[in-house]
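Written below as structure tokens is the structure these notes are about.
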Amino acid sequence: MRIVIDTNVLISAIFWTGKPKQLLNHVRRQKITFVTSNQLFDELRQILVRQDKPFHLQDNEADQVVEALTGCAEVVESHSQLTVCQDEMDNRVIACAIDGKAEYIVTGDLHLLGLRSYQSVKIRTVSDFLSHFERFL
């Protein structure tokens, strides 16, 4: 199964326990293919070092986080230019899913969740995705 994990879910998985961490553990065990793009990793890196966020990592620490995630991800070139959402980063998440042939976007973003799907990509919360996915394990 191929999924795009939105930045908000990745951050939760990195810093806290719970369902996002469970999802990332499935990725690490290679039960799920984590599809992403360099643009989405850039967004993650920027958020990790921002001083107005609680993490405010150093640049080298943020690079290490992204490097670790790169090791368990399939990084795709995303060329689609979409204007489905008002937020450009939400459009990049959808474009990554389309270009990476993902079946799901897993997110906590209410704007993305409001779409429920785009083309053949389903958009779900971590809980909804895990409930569906874990039935097949």
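The values are calculated or read from the model by the stated rules, or taken from the named source; none is laboratory data. Please read these numbers as outputs of a predicted model, since none were measured by experiment. Glycine gets a Cβ as well: all are built from the backbone with ideal geometry, and neighbour counts include every protein chain shown. All accessible areas refer to the heavy atoms of the entire protein, side chains included, with ligands and DNA or RNA removed. Shrake-Rupley method; radii C 1.70, N 1.55, O 1.52, S 1.80 Å.
Calculate, for the stretch 7-137, the solvent-accessible area per residue in square angstrom, rolling a 1.4 angstrom probe over the heavy atoms of the protein chains. Intermediate results must be reported in sequence, preceding the final value.
Working: 7370 Å² over 131 residues.
Value for the stretch 7-137: 56 Å² per residue.
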Taking R0 as 41 Å and r as the Cβ-Cβ distance between E74 and R50, the FRET efficiency 1/(1 + (r/R0)^6), rounded to the nearest 0.05, comes to 0.95
Test of understanding: express the Cα radius of gyration of the stretch 46-109 as a ratio to 2.2 N^0.38 Å, with N the residue count. 1.29
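Nearest 20 debye, what's the magnitude of the dipole of the chain about its Cα centre given +1 on Lys and Arg Cβ and -1 on Asp and Glu Cβ?
On the way: 15 positive and 18 negative charges, 146 e Å.
So the magnitude is around 700 debye.
List, in the order given, every pair from K53/K122; K31/K122; K101/K122; K19/K101 whose Cα-Cα distance in the structure shown is over 21 Å. Can you show the working numbers first?
Values: K53/K122 29 Å; K31/K122 18 Å; K101/K122 12 Å; K19/K101 24 Å.
The answer is K53/K122; K19/K101.
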Using the alpha-carbon centroid of each, what span in Å lies between the stretch 1-32 and the stretch 54-84? 13 Å
Suppose the Debye formula is applied to equal point scatterers at every Cα of the stretch 1-52; what is log10 I(q)/I(0) at q = 0.19, 0.24, 0.25, 0.29 Å⁻¹? -0.65, -0.96, -1.01, -1.18
Using the reciprocal of the averaged 1/r over all distinct C-alpha pairs, how large is the Kirkwood radius of the chain in Å? 15.0 Å
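Quick one: order M89, M1 from most to least accessible surface, probe 1.4 Å.
In descending accessible area the options line up as M1, M89.
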Multiply the residue separation of E61 and K21 by 0.36 nm, subtract the distance between their alpha-carbon atoms, and state the gained length in nm to one decimal. 12.5 nm
In the stretch 32-129, the trypsin sites (Lys or Arg not before Pro) that sit in a DSSP loop and have at most 11 other Cβ atoms within 10 Å of their own Cβ are R116
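Using a 1.4 Å probe over the heavy atoms of the protein chains, calculate the carbon and sulfur portion of the accessible area of the chain as a whole percent. All intermediate terms of the calculation are to be shown ahead of the outcome.
Working: 3440 of 7520 Å².
Ligands and nucleic acids excluded, carbon and sulfur reach 46 percent.
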